[in-house]
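Read through the structure below, which is laid out as structure tokens, and then see the notes.
The values are calculated or read from the model by the stated rules, or taken from the named source; none is laboratory data. Here the structure is a predicted model, which means the values were calculated and not measured. Every residue, glycine as well, gets a Cβ built from its backbone with ideal geometry; the counts of neighbours run over all protein chains shown. We work out accessible area using only protein heavy atoms, side chains counted, and drop any ligands, DNA or RNA first. Shrake-Rupley method; radii C 1.70, N 1.55, O 1.52, S 1.80 Å.
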Number of protein chains: 2
Amino acid sequence: MQRRNFVKAAVLGSSAGLLLSSCAPGDIGAPSVQTGDPSLRWRLVSSFSRGLDTIFGAAEVLAERVSHLTGGRFRILVYPAGELVPAFEVLESVQKGTAQMGHTASYYYIGKNPALAFDTTVPFGLTARQFNGWVYHGGGMDLLRSLFADYNVINFPGGNTGVQMGGWFNREVNAVSDLRGLSMRIPGMGGRVMDRLGVAVQQIPGGEIYPALERGAIDAAEWVGPYDDEKLGFAQVARYYYYPGWWEPGANLSFYVSRAAWNQLPSHYQHAVAVAAAEANLDMLSRYDAVNPASFRRLVEGGTEVRAFPRDVMDAAFASAEALLQEGTADPEYAKIFDAYTQWRQDATAWFGTSEQTFADYMHGH
Amino acid sequence: MQRRNFVKAAVLGSSAGLLLSSCAPGDIGAPSVQTGDPSLRWRLVSSFSRGLDTIFGAAEVLAERVSHLTGGRFRILVYPAGELVPAFEVLESVQKGTAQMGHTASYYYIGKNPALAFDTTVPFGLTARQFNGWVYHGGGMDLLRSLFADYNVINFPGGNTGVQMGGWFNREVNAVSDLRGLSMRIPGMGGRVMDRLGVAVQQIPGGEIYPALERGAIDAAEWVGPYDDEKLGFAQVARYYYYPGWWEPGANLSFYVSRAAWNQLPSHYQHAVAVAAAEANLDMLSRYDAVNPASFRRLVEGGTEVRAFPRDVMDAAFASAEALLQEGTADPEYAKIFDAYTQWRQDATAWFGTSEQTFADYMHGH
């Protein structure tokens, strides 16, 4: 605990500007003051392939900006999943120092610590804006940075998908009972909830979803949303496109920085990484919000039948998800984050339910 | 047109990273290559007072980050409204070079060009996420930069309020007929729409709203949302708090940079300004999303009666706003932006109406 508290004090700092003043001069116990601008070349390992261009691209946006900010002296080389390390070993790789940075989804590592899910998304959790409010200005960053201190990692929000779609189905879902025996590709906590609702949950890599749907090996599959789903051609092998993706209401991707590597950066390089991460966070969501609408329109024009999950499915999933999330609270660290996250969700939901949503609903229903 | 096209080609560049590659090396015809890092001190004039801390603060967030990114060599001094220039002369001031930068709302200048409203917000316009999608990755930046080229200004999005509240009322609004003769403080295009609906529109500075409501000189007033409104104490002098603020569904604040000053910056200083503007944009919305929920809860707990505008008020306002926005289309430049904005809104509204809103509505109604 001593170590963690030290790290917390060192990296968290005060609250100016997206809580990224973590890297204000003097906040970090850098071993020596560097003069001049060193030429650096870092490795950033991504959990994503180039094909998932909106998500993978966030790391490139960061790397490009950091290079420009430092006159080309600080170069970050971005490696897609599998080139240097496997997709799901990004945390371990940054922890060990194999790579100085990573770009990944923290919920891939809930086997190490279930609380890491709160850094990405949980079923019926915060939306993108609610998450950014919590993490940048609502105390969320302190809680998450404490978690990552155990891995010698400093985390930065690094992109968001918005509420994902509920996925592609070849069977109608008109009631909870229709889920029983349905064979669906859905990983993570969404899969665990679906399992409790009677779904035969399948774990299939993204590239194998299409043939599995085509030959009827599965009845349904979730991926991301219109833009990514359109590229994989799911509309050709599935009839119904359900929403909302209640299991991923605002998936936040994260940049990880090795603490040892961070501590060796001159202050203005630390600022370059921090501010470029913030830009990449905004940029990914803006890209999704720019490309999803047209993809959605094309899918609808192409004959995809868009359906909302019925209320009883939402209710059953909500109850099951809440029970699942409660199970972690035996651990005090998890409980602390869970309580803060849940309280935040309650206040944010009440506020967003007024102006933001009634306006949006009016525009949609008009 | 020659000049404008040149500027457009010079400042727009390609599309990597929030369309801010405008400032990639070589894109800008800088008069000479600078070696070393010059010590610079710029003036940034804000249209806002320190009291409006979330909005005013965005300029401070930018200035602080730019300073850190440049080892303290590039300092931007932020002046609140009225210190160097009056609140509504920010555009003119940057155009003339009195200040190198400004932070303002472009709809203050629709007297110069009505199309400038699309850089901030229009009644029943884009939400914050929809605007960011449009401006960063949907072609919006090109259109807006062309507008600002007439003023020798390069614009960057610099913060968003989200959907504002509809304001404070001491009379109930149960139908359009209740608006007739109502005396309301509401500036800008919202005021013009309200005027058409029979409201006696009043123009009153923010600091004078409270006493005007208190002594009954006005029946209603709009300001921003829970956080800002709570500070001004409106709950003590008005009974009903209506939503949504359909006239400001996602007010974008903008940073202006004098083109002459911009062209003298070394490339990495240009990048520092551009990336810090992106961070400030995300940061302001995140601050609002962090502080509004608690303020909203306190207002409700304190007895404020929160009401939705009735459907017929929304419909009448929508029809009136659309007619108002159409009036500008005689001007080809306005028409071009109006068409792009309206098409964008249509696609975005259809998409956001599925996953994003049904999820949020479920959480709120649950």
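Give the shape of region A:110-234 as rounded, prolate or oblate, defined through the alpha-carbon gyration tensor: a ≥ b ≥ c are the square roots of its eigenvalues, a/c under 1.5 means rounded, and otherwise the shape is prolate if a/b is larger than b/c and oblate if not.
Details: a/c = 2.17, a/b = 2.00, b/c = 1.09.
Verdict is prolate for region A:110-234.
Once you have the Cα-Cα distance between B:ARG215 and B:GLN326, take 0.36 nm times their residue separation minus that, and quote the gain in nm to one decimal. Please list the in-between numbers first.
Numbers: separation 111, 0.36 × 111 = 39.96 nm, distance 3.80 nm.
Net length gain for the segment: 36.2 nm.
Between copies, how far apart are the A:GLU301 label points? List them in nm, one decimal, shortest first, with each point 7 Å from Cα toward Cβ, please?
Spacings between copies for this position, smallest first, are 5.1 nm.
Which helices, taking whole DSSP H runs in chain B, have alpha carbons extending 18 angstrom or more along the helix axis plus mean Kyte-Doolittle at least -0.5? Write down the numbers at each step before the final one.
On the way: long enough: B:53-69 (23 Å, 0.51); B:267-301 (52 Å, -0.11); B:311-326 (22 Å, 0.39); B:332-352 (29 Å, -0.76).
Length and hydropathy pass: B:53-69, B:267-301, B:311-326.
Ignoring ligands, DNA and RNA, what percent of the 1.4 Å accessible area of the protein assembly as shown is carbon and sulfur? Could the numbers behind the result be given before it?
Values: 12440 of 25070 Å².
It is 50 percent, rounded to a whole number.
For region B:260-363, run through the trypsin sites (Lys or Arg not before Pro) and keep only the ones in DSSP coil with at most 11 other Cβ atoms within 10 Å of their Cβ. It would help to have the intermediate numbers written out before the result.
Details: sites: B:ARG287, B:ARG297, B:ARG298, B:ARG307, B:ARG311, B:LYS336, B:ARG345; in loops: none.
Loop-located and lightly packed - none at all.
Please work out the C-alpha center-to-center distance from region B:286-364 to region A:235-259 and express it in whole Å.
25 Å
Within region A:202-255, list the trypsin sites (Lys or Arg not before Pro) lying in a DSSP loop whose Cβ has at most 16 other Cβ atoms in a 10 Å radius. Let's see the in-between values first.
Values: sites: A:ARG215, A:LYS231, A:ARG239; in loops: A:ARG215, A:ARG239.
In loop regions of region A:202-255 (DSSP not H, G, I, E or B), the sparsely surrounded trypsin sites (Lys or Arg not before Pro) are A:ARG215, A:ARG239.
What residue among B:THR354, B:THR120, B:THR70 shows peak mean-square fluctuation when chain B is described by a Gaussian network model with Cα springs under 10 Å?
With Cα springs under 10 Å in chain B, the top fluctuation among B:THR354, B:THR120, B:THR70 is at B:THR354.
Would you mind listing the distances between the A:LEU77 label point and the same position in each other copy? Use 7 Å along Cα-to-C-beta, nm, one decimal, shortest first.
4.6
Magnitude of the Cβ-charge dipole of chain B, K/R +1 and D/E -1, about the Cα centre, nearest 20 debye?
Working: 29 positive and 37 negative charges, 165 e Å.
That gives a dipole near 800 debye.
Points 7 angstrom from Cα along the Cβ direction at B:ALA175 and A:HIS366: gap in nanometres?
2.3 nm
Rounded, prolate or oblate: which fits chain B, taking a ≥ b ≥ c as square roots of the Cα gyration tensor eigenvalues, rounded meaning a/c under 1.5, else prolate when a/b beats b/c? Working shown, then result.
Numbers: a/c = 1.85, a/b = 1.60, b/c = 1.16.
Since a/c reaches 1.5 and a/b is larger than b/c, the shape of chain B is classed as prolate.
Give the distance, in whole Å, between the Cα centre of region A:174-227 and the Cα centre of region B:137-180.
Here the answer is 42 Å between Cα centres.
In a solvent-free Debye calculation with one equal scatterer on each Cα, what is log10 I(q)/I(0) for region B:137-192 at q = 0.30 Å⁻¹, listed in the order of the q values?
Debye output, listed in q order: -1.28.
Test of understanding: in a Gaussian network model of chain A with alpha carbons linked when under 10 Å, which of A:SER295, A:SER320, A:SER355 would top the mean-square fluctuation ranking?
Maximum fluctuation in the GNM of chain A, among the listed residues, is at A:SER355.
Using amide H atoms built 1.01 Å from N in the peptide plane, name the residues 5+ places from B:GLY225, or on other chains, whose amide H lies under 5 Å from its own.
Amide H neighbours of B:GLY225, under 5 Å, 5+ apart: B:MET165.
Calculate the FRET efficiency for B:ARG192 and B:ASP142 from the Cβ-Cβ distance with a Förster distance of 41 Å, rounded to the nearest 0.05. List each step's numbers first, then the result.
On the way: r = 28 Å, r/R0 = 0.68.
That pair, B:ARG192 with B:ASP142, gives E of 0.90.
Do any trypsin sites (Lys or Arg not before Pro) in region A:171-210 lie in a loop, going by DSSP, with at most 15 other beta-carbon atoms within 10 Å of their beta carbon, and if so which? Display every interim value, and only then the final one.
Values: sites: A:ARG171, A:ARG180, A:ARG185, A:ARG192, A:ARG196; in loops: A:ARG171, A:ARG180.
Here the sparse-neighbourhood loop sites are A:ARG180.
Note down the relative contact order for region B:32-183 as a percent, whole number, built from C-alpha pairs under 8 angstrom at least six residues apart. Don't jump to the answer; show the numbers that get you there.
Details: 161 pairs, mean separation 30.2, N = 152.
Value for region B:32-183: 20 percent.
List the distances, in nm and shortest first, from the label point of B:ALA335 to the matching label points in every other copy, placing each point 7 Å from Cα along the Cα-to-Cβ direction.
The projected label point of B:ALA335 is separated from its counterparts by 6.7 nm.
Can you find, among A:VAL173, A:ALA235, A:MET194, the residue sitting farthest towards the positive end of the charge dipole of region A:145-297, where Lys and Arg contribute +1 and Asp and Glu -1 at Cβ?
A:MET194
With the other protein chains left in place, how much accessible area per residue, in square angstrom, belongs to region B:279-358 at a 1.4 angstrom probe? Each step should come with its number before you reach the end.
Numbers: 2950 Å² over 80 residues.
Accessible area per residue: 37 Å².
Express in Å², to the nearest 10, the accessible area of B:PHE148 obtained by rolling a 1.4 Å probe over the protein heavy atoms while all chains stay in place.
Result for B:PHE148: roughly 0 Å² accessible.
Treating only the Cβ atoms of Lys and Arg (+1) and Asp and Glu (-1) as charged, compute the dipole magnitude of the protein assembly as shown about its Cα centre; round to the nearest 20 debye. It would help to have the intermediate numbers written out before the result.
Values: 58 positive and 74 negative charges, 318 e Å.
Its charge dipole is roughly 1520 debye.
Counting alpha carbon pairs within less than 8 Å and at least 6 residues apart, what relative contact order, in whole percent, applies to chain B? Before the final figure, lay out each step's value.
Working: 622 pairs, mean separation 83.9, N = 366.
Answer for chain B is 23 percent.
Express in nm, to one decimal, how much length is gained between A:LYS231 and A:ALA200 on full extension, taking 0.36 nm for each residue of separation and deducting their alpha carbon distance. Could you put the intermediate results ahead of the total?
On the way: separation 31, 0.36 × 31 = 11.16 nm, distance 2.59 nm.
Extending this stretch completely gives an extra 8.6 nm.
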